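Visitor: What follows is a structure written as structure tokens; I'll ask about it next.
None of the figures in this text is laboratory data; all of them are computed from the coordinates on show. This structure is a prediction, so every number in the text was calculated from the model and none was measured. No Cβ is skipped: glycine too gets one built from the backbone with ideal geometry, and neighbour counts run over all protein chains shown.
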Amino acid sequence: MKNNKLSILLRGIIAENPVLILILGTCPTLAVTGNITSALSMGLAATVVLICSNVVISALRKVIPDTVRVPCYIVIIAAFVTAVQMLLQAFLPSIYEMLGVYLALIVVNCVILGRAEMFARKNTVLDSAFDGLGMGLGFILALFLMAFIREVFGAGTFMGFELGFMKMFKIPVLAAAPGGFLVYGILIAIMNKLTEKKGGVKKKSFSCEGCPSASVCTSKSCMNNEKKEEVENA
């Protein structure tokens, strides 16, 4: 029982890291990682919403009609995002202003909607809470790594405090948009290398399984990929 919960928790941090392995939530990842403060703030806000929405969706999984489940998920997620927005605006207005429109866009963050569709609607409340926490920690870790590299080596600061020894060695392009894409790509490559099987290279499979719209998708390419994967696994 404990090992199962632990595996659910750890899976989202490394093996299925939402940003570096599943490549979800790319927009906020690139937008808020210019500095560590905004990255951690976004990560914590998204984690709170992720855990709460997972718990509620799991608790209501037998009540929500299957045909309208995605709109229902969005309504639930939007309610928690609104609550987080109001709390930040009231108690941490500087963070609220720093995150700007990206705070509201948590509603359509693929990490949160994807976990609701793929995990919370199929598992118990406790398991869904652990899944939300694990995915949230993985999201925070990815944002922190990107922000650390971009702020320290790009701007020569750490959480806004200037690092004197980095003044002569900083690389300004890392703090700009192109630098964000560069750092993101490098971290994805490193994570892919770290998650390879010890005995050889693990074949990466791509399918529609993690897509919230998979049940209503009619794309021929998607269906062909699914059939190929079934044949390979047979």
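Visitor: Can you give the FRET efficiency for Leu194 and Leu126, using 1/(1 + (r/R0)^6), R0 = 25 Å, r = Cβ-Cβ distance, to the nearest 0.05?
Guide: E(calc), rounded to 0.05, equals 0.30.
Visitor: Shifting gears a bit: Please list 3J(HN,Hα) in residue order for segment 103-112, calculated via the Karplus relation 6.51 cos²θ - 1.76 cosθ + 1.60 where θ = phi - 60°; whole Hz, with x for glycine and proline.
Guide: 5, 5, 6, 4, 3, 9, 5, 5, 5, 6
Visitor: Going by amide H atoms built from the backbone, whose H comes under 5 Å of the H on Phe158, apart from near neighbours?
Guide: Leu163
Visitor: I would also like to ask the following. Give me the base-10 log of I(q)/I(0) for segment 2-194 at each q in 0.10, 0.11, 0.14, 0.18 Å⁻¹, Debye formula, one uniform scatterer per Cα, rounded to two decimals.
Guide: -0.42, -0.51, -0.79, -1.17
Visitor: When you count, for each residue, the other Cβ atoms within 10 Å and take the mean per peptide, how do 59-71, 136-148 rank with the highest first?
Guide: Final packing ranking: 136-148, 59-71.
Visitor: Read phi for every residue in segment 16-21 and hand back ³J(HN,Hα) as whole Hz from Karplus 6.51 cos²θ - 1.76 cosθ + 1.60, θ = phi - 60°, with x for Gly and Pro.
Guide: Values per residue, Gly and Pro as x: 10, 3, x, 9, 8, 10 Hz.
Visitor: Pop out the ³J(HN,Hα) list for segment 125-140 in order, Karplus 6.51 cos²θ - 1.76 cosθ + 1.60 with θ = phi - 60°, rounded to Hz; leave Gly and Pro as x.
Guide: Using θ = phi - 60°, the values come out as 4, 5, 4, 5, 5, 5, 5, x, 5, x, 5, x, 5, x, 5, 4 Hz.
Visitor: Additional query: Using only the alpha-carbon atoms of segment 36-118, report the extent along each of the three principal axes, biggest first, to the nearest angstrom.
Guide: 40, 22, 18
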